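Visitor: Below are the structure tokens for one structure; questions will follow.
The values are calculated or read from the model by the stated rules, or taken from the named source; none is laboratory data. If you're wondering where the values come from, they're calculated on a predicted model, not measured in any experiment. Cβ coordinates were reconstructed from backbone atoms using ideal geometry, including for glycine residues, and neighbour counts include every protein chain displayed. Keep in mind that these areas ignore ligands, DNA and RNA; they rest on the heavy atoms of the full protein, side chains included. Shrake-Rupley method; radii C 1.70, N 1.55, O 1.52, S 1.80 Å.
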Amino acid sequence: ALTSEDDRYIETLVTKVTTEAQLKEAAKLNGARIVLDADISCDAGVSFDSVASTLDFGVYTFNCLKDVAIRVLNGGNLTVFGNGTVKAQEAALVVLDGASLVINGGTYTTVDNFVIGTNGSTGRGKNSITINDGTFNGNISTSGYIACGIYVANDDTVVVNGGTFNITDGCGILARSGSTTVGENVTINVTSANST
């Protein structure tokens, strides 16, 4: 986890990235401001581990259709900006191990499972998620599961101030534990794939 001593030494770094390798290297820098400068496709997603960073998608697409797209973990803190798009096979954003995520915009689409979520395993909770804006599209392709916009699985704190959740064959928010607050400027649309 970050400490006050770490925070005193955070540098303000602006890093423009155009490849998966550049994005993964930038994600290791504490205090970095990362800006996508092109569409990026990846095989294994990117982790923000124990760092405090911002990620600006601009108008570009981060495409990760083989894995979870973005992980914030081990006390890390990530703030997301921009009007870009994240596409993922399973989960666009996952927050683990006492980490924090703030989303201020963008479009997030998953083929399977939840769009944003945490992990229910012992010791992986105490996370914080704040959503101020964005569009979240959740789908399901695996039999026996349901799609959801946000999955609150542990002793996590989730605050949804705004955003639109478009979920097929599932639910907008599944709060299994923790504390979830949903504001009046949130729209949740749930439809069936079989509807005509």
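Visitor: Here are the criteria: (1) surrounded by fewer than 24 Cβ atoms within 10 Å (Cβ to Cβ); (2) closer than 28 Å to THR18 by Cα. Tell me which single one SER177 does not satisfy.
Guide: Against the list (1) surrounded by fewer than 24 Cβ atoms within 10 Å (Cβ to Cβ); (2) closer than 28 Å to THR18 by Cα, SER177 comes up short only on (2).
Visitor: Please go through (1) among the hydrophobic types (A, V, I, L, M, F, W, C); (2) over 15 Å from THR130 (Cβ atoms); (3) open to solvent by less than 10 Å² (accessible area, probe 1.4 Å) for CYS171 and return the number of the only condition it doesn't satisfy.
Guide: Condition (3) is where CYS171 drops out.
Visitor: Still on this structure, please answer the following. Mind checking whether some residue in segment 128-144 is closer than 24 Å to GLY75 by Cα and assigned to a loop (DSSP other than H, G, I, E, B)?
Guide: Initially, segment 128-144 is screened for residues closer than 24 Å to GLY75 by Cα, giving 128-134.
In the following step, the residues that additionally are assigned to a loop (DSSP other than H, G, I, E, B) were identified as none.
So far as segment 128-144 goes, no, none of its residues is closer than 24 Å to GLY75 by Cα and assigned to a loop (DSSP other than H, G, I, E, B).
Visitor: Mind checking which pairs have a first residue in segment 52-67 that is within 14 Å of VAL115 (Cα to Cα) and open to solvent by 20 Å² or more (accessible area, probe 1.4 Å) and a second that is hydroxyl-bearing (Ser, Thr, Tyr) and part of a strand (DSSP E or B), Cβ under 9 Å, 6 or more apart or different chains?
Guide: The qualifying pairs are ASN63/SER41; ASN63/THR85; LEU65/SER41.
Visitor: Do you know which residues across segment 77-114 are at positive phi and not hydrophobic (A, V, I, L, M, F, W, C)? Before the answer, list the steps.
Guide: Here is the first cut: in segment 77-114, the residues at positive phi are 82, 91, 97-98, 105-106, 113.
Residues satisfying the conditions are GLY82, ASP97, GLY98, GLY105, GLY106, ASN113.
Visitor: Looking at (1) at pLDDT 95 or above; (2) more than 26 Å from LEU29 (Cβ to Cβ); (3) over 13 Å from the mean Cα position of the chain (by Cα); (4) of a type outside the set (Gly, Ala, Ser), which is the one condition that is false for ASP112?
Guide: Here ASP112 meets the rest and fails (1).
Visitor: Can you report the number of residues in segment 135-157 which are open to solvent by less than 10 Å² (accessible area, probe 1.4 Å) and either under 15 Å from the mean Cα position of the chain (by Cα) or in contact (Cβ under 8 Å) with a residue 40 or more places away in the chain (or both)? Don't jump to the end; show me each part of the working.
Guide: So the first thing to find is which residues in segment 135-157 are open to solvent by less than 10 Å² (accessible area, probe 1.4 Å), and the list is 136, 138, 147-150, 152-153, 156.
Adding the requirement that they be either under 15 Å from the mean Cα position of the chain (by Cα) or in contact (Cβ under 8 Å) with a residue 40 or more places away in the chain (or both) leaves 136, 138, 148-150, 152-153, 156.
Looking only at that region, the number is 8.
Visitor: Right, another one. Quick one: in segment 68-84, of everything that is within 26 Å of LYS126 (Cβ to Cβ) and open to solvent by 20 Å² or more (accessible area, probe 1.4 Å), which residue is farthest from the chain's Cα centre (by Cα)? First the steps, then the outcome.
Guide: Applying the first criterion (within 26 Å of LYS126 (Cβ to Cβ)) to segment 68-84 yields 68-81.
Applying the additional criterion that residues be open to solvent by 20 Å² or more (accessible area, probe 1.4 Å) yields 68, 71, 73-74, 77, 79, 81.
Numbers: VAL68: 9, ARG71: 7, LEU73: 11, ASN74: 15, ASN77: 11, THR79: 10, PHE81: 11 Å.
Across segment 68-84, the extreme among qualifying residues is ASN74.
Visitor: Kindly provide the set of residues from segment 93-112 that are closer than 16 Å to LEU23 by Cβ and free of Cβ contacts under 8 Å to residues at least 40 places away in the same chain, ordered by number. Outline the logic, then answer.
Guide: Keep residues of segment 93-112 that are closer than 16 Å to LEU23 by Cβ, which gives 93, 106.
The one that is closer than 16 Å to LEU23 by Cβ and free of Cβ contacts under 8 Å to residues at least 40 places away in the same chain: LEU93.
Visitor: Taking the condition surrounded by fewer than 18 Cβ atoms within 10 Å (Cβ to Cβ), in contact (Cβ under 8 Å) with a residue 12 or more places away in the chain and more than 26 Å from ASP155 (Cβ to Cβ), does LYS87 pass? Full working, then the answer.
Guide: On the way: surrounded by fewer than 18 Cβ atoms within 10 Å (Cβ to Cβ): no; in contact (Cβ under 8 Å) with a residue 12 or more places away in the chain: yes; more than 26 Å from ASP155 (Cβ to Cβ): yes.
So LYS87 does not fit the description; no.
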